[in-house]
Amino acid sequence: MENRFGWTGKILKINLTEEKISDLNTHDYSELFIGGLGIGEKIYWDETVPETKAFDPENPLILMTGPLCGTPAPSAPRMVVCGKSPMTFPERFVNASISGFFPTELKKAGFDGMVLVGKAKTPVFVSIEDGEVKLHNASHLWGLKNSEVQKKISKAFGNKHKIMSIGPGCENNARMGTLLIDLAGSAGMGFGSVMGSKNVKAIVVKGTQKISVADPDGVKQVRQKLKEMTGPGFHNLYGQSMPIPGNEVVKKVYCHGCSHGCWRSVYRRPSGLEGIRKCQTVGFYMLWDMKKNGEITDTTFRAMEMANEYSLCIHEMLFLLLWIERAAEQGILNDENTGLSLSDMGSLEFIETFIKMLSKKEGFGKVLAEGPLRAAETFGEESKKIVLGFLTKTGRPSRTYGPKSFIISGPIHSVEQRPAITSLHEICHPLTKWALWYKSAGEQSYVSTEVLRNIAEKFWGGKEAVDFSTYNGKAKAAVLIQNREYAKECLVLCDLVWPAHDDACTEDHVGDPALESRLLSAVIGREISEEDLYLIGARVFELNRAIMIRDGRKGREEDTLSEACFVSMEEPPADIFDMYNPERFLPGKDDELISHKKAAVDREKFKKLMDEYYELRGWDVETGLLKKENLERFGIPEAAEVLGDKVL
C-alpha cells in the first residue's frame, strides 16, 4: 500500500464477530477529509444505517489520528474517537478526543486509525505491534479496574507499550463509560461503554516506525513561529496548574510533542495521595465534600480516582448528583426509592456506593446508568424540569460557553448534537484574555478592546463579531469558527494551543490563522491554503449535518436552544470566562461595556441570526435541510442520494 508523508496509508479494521482483521486505505478518504474527524465521519456514513443503535454490534467504534500526529508538528498529539453515542439524547453520531502518547504510538505501529465493528464472543483485548495485530483472551481482565488492567498488560507486554482500557463501568452498558489511556487521558461521550459492548477490554500498541514529513524545515519554521508568538508576555490561559486548596502540585505532565503544557499536573494531598488532574477532573465531587465536611478532603481526590478506575464520565456523574440533590429537596427522591443514604452525600462511602451501583446497574443503579436526562424522565415531568435547568434537551451543558454570555455560540449550541468544545473554546479564549486585560488594567494581558477587534476581523469575519450590543456579525463568525474547528479536528491539533489568535512578539498582537495550513502543507508536501483548509472544514461540517438528518434529526425544528437561555437570571460561574470575569463584562460599541451576568437571549433577534446562519451555510432557511447543489459542491453527491426527500 502506498505510503505518503504524514500518513501511514492504513486504517486498521477489526470485525470482532468474524475475528477478521483487515485494512482500509487512508488515501481513499484523505483527499476530501484529511484525517481525524473527517475520515471518521465518512467511515461512519459508509458503515451504518439510521436504525443502528449505540450498543448494536454494527455501530463502529472509530479511532482516528491526523496527518500531523507522530511528526515534529507542535501540539498535535490528539486522536478523534467517534461513532453513535449512547450518551446523547436521542442516540446520535458525535465525536470526542483523547490525548497523551497512545495516538502517536498507534501511528508508529503502522496505522492512521482503527475501526472496531461487531462483537467478540468472549472478552478480548487487542495487541498491535509494528503492523502485527492479534486478539487475545481477556476473561481474566473482565471486571478489573483500569489500573489493574494496565498493570497486568504491562507485566505481560512490557512498560514501553501504550494501553487504552476500560473499567467495570463500561462492562454493563452504562451510557457514560470512558476510554482511558496514559497521562490520565480519557475520551467521553460513552465510547468506553461502546467498546465494552463489543467485549473489548483493552488495546495495547507499540511501534517503531517513523512518520516522515515532506518539508522538515517548513515544520521547523512553524514551530519556531509559534514559539515566538507564545513567548514573553503571552498569557497561556491553560498553562498554569489549577490551584486546589490543600493540594501540592508535584509536577506538570506533557502530551507527546507538547511544549506549552496545560492544567494537566500531578497533585499530592497532605495525606500522600497522588494523581494526575486536569480541568474539571480537579473536583467533580468537591461541592458535596465541602458541604459535608466543611473543607476539601481526600474524598474529592478519591472520587476522581474512582471515576478513572471505573471509566465513568465525571460530567454525567456531576449532573446526576445535582439532579439527585435537587430532586430530594423537592421530595421526588428519597433513601427508600434510591437505595442511597442521601444525607451522606459528600462522604466517601456515598460516592463509592453510587459508583458501584451505577457500574453494576444494581437497583437504582439501573436508573443512574441511563444518564441524567433519561434518569430524570423516569420520575416524571417535575424531575425532568430539574435537569433541563442545567442541560439542553440533548443532554449537554446549557450554560458552559453558552449564548447567554457569547451569542456567537448560539448557532453552535443549536445545530450541533454535542456543541463542539473546540468551537466553544475558540470563542472563549480571546474573550477571556480581553476580560483579563480589562480586569487587570492591562497588566495580565495585552488583548485590549482594539486588539480583540483586530483579532475578530482576521479570524471571525469582522470587528462586529465582538460588539456584544448587537447580534449583527455573529452568524458569520459562527460559520467561520465551525469551519476552522472542524478542519482542525481533521488534523488533529490540540485545542488549548490552536488556533494562535494572539501574538506576543508583534506590535499589533494579532495572531496568524494561516499557521495550520502552513503546517499541514509542510508535513504532506502539498500546498494547502488557509481557504483550502476552511473548505475542508465546511465539507466535514456539511457531512456531519447529513449524518444528523439521515439518522433522524428534523432540521430547523430541532435547531433550538434550551429554554433556560431565554430567561434572565443570576447564575453561578460555569466556565473559565466566568472564573476570571464573574460580572461577565463584554465589549459593546465604541467604548461601551456590557454586563451579561443576568443576560437572556432575545428570541426574535436570535431567530433572525439563525436565518442568516442558514443562508451562509447554503441550507434551506425555512426547514434547515441541506441542498443538493451544496452537497455536490462539496464533493459528496452520494449524500443527496441517500437522504432522498430529506434534501432539497
Review point. What is the distance, in nm, between label points placed 7 Å from the Cα along the Cα-to-Cβ direction at Asp335 and at Lys385?
Key: 2.8 nm
**Study point:** Reach of Lys366 by Cα under 22 Å, taken over lysines that are not fewer than 8 positions away in the same chain
**Key:** Lys53, Lys84, Lys145, Lys198, Lys201, Lys356, Lys384, Lys385, Lys393
Check your understanding: So how exposed is Lys607, as accessible area in Å² (1.4 Å probe, rounded to 10)?
Key -> 100 Å²
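Quick check for you: with a 1.4 Å probe and neighbouring chains kept, what is the accessible area per residue of region 495-550, in Å²?
Working: 1640 Å² over 56 residues.
Dividing the accessible area of region 495-550 by its residue count gives 29 Å².
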Revision key, fill the gap. Here FRET efficiency (C-beta to C-beta, Ser595 to Glu629, R₀ 41 Å, nearest 0.05) is 0.40
Practice item. Kindly flag which residue pairs out of Lys151/Lys206; Lys152/Lys210; Lys107/Lys210 have an alpha-carbon separation exceeding 19 Å in this structure. Key: Lys152/Lys210
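Lys pairs in region 223-326, Cα-Cα under 25 Å, at least 8 apart or on separate chains: how many?
On the way: Lys225/Lys252; Lys227/Lys251; Lys227/Lys252; Lys227/Lys278; Lys251/Lys278; Lys252/Lys278; Lys278/Lys291; Lys278/Lys292.
Total qualifying Lys-Lys pairs in region 223-326 comes to 8.
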**Study point:** Ile21 versus Ser440: modelled label distance in nm, points set 7 Å from Cα along the beta carbon direction
**Key:** 5.2 nm
Review point. Carbon and sulfur together cover what percent of the accessible area of the chain at a 1.4 Å probe radius?
Key: 49 percent
Check your understanding: Can you list the equivalent-ellipsoid semi-axes of region 420-544, largest first and in whole Å, using the square root of 5 times each Cα gyration tensor eigenvalue?
Key -> 25, 17, 12
Revision key, fill the gap. Counting sequence-distant residues (5 or more places) and residues on other chains, those with an amide H built under 5 Å from that of Gly100 are His256
**Study point:** the chain - percent relative contact order, Cα under 8 Å, separation 6 or more
**Key:** 14 percent
Exercise for review: Let me know the volume per residue of the alpha-carbon convex hull for the chain, in Å³.
Suggested key: 146 Å³
Point to revise | Alpha-carbon Rg/Rh ratio, for region 1-145, with Rh computed the Kirkwood way | key: 0.96
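Let me check I've understood the local charge: for Glu228, count other residues with C-beta under 13 angstrom from its C-beta, Lys and Arg +1, Asp and Glu -1. What total comes out? The partial results should precede the final answer.
Details: positive: Lys220, Arg223, Lys225, Lys227; negative: Asp502, Asp503, Asp512.
Residues near Glu228 contribute +1 overall.
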Review point. Could you give the radius of gyration (one decimal) and Dmax (whole number) of the Cα atoms in region 46-121, in Å?
Key: 14.0, 42
Check your understanding: What list of ³J(HN,Hα) values in whole Hz, one per residue of region 199-211 in order, does the Karplus curve 6.51 cos²θ - 1.76 cosθ + 1.60 (θ = phi - 60°) give from phi, with Gly and Pro shown as x?
Key -> 6, 10, 8, 7, 10, 10, 10, 8, x, 10, 6, 9, 8
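Please grab the % of Cα pairs in region 323-455 that end up more than 18 Å from each other. Could you put the intermediate results ahead of the total?
Numbers: 5763 of 8778 pairs.
Roughly 66 percent, once rounded to a whole number.
The values are calculated or read from the model by the stated rules, or taken from the named source; none is laboratory data. Just so it is clear, the model here is predicted, and its values are computed rather than measured. Note that each Cβ is placed from the backbone with ideal geometry, even for glycine, and that neighbours are counted across all protein chains shown. Side chains included, ligands, DNA and RNA excluded: accessible areas come from the protein's heavy atoms. Shrake-Rupley method; radii C 1.70, N 1.55, O 1.52, S 1.80 Å.
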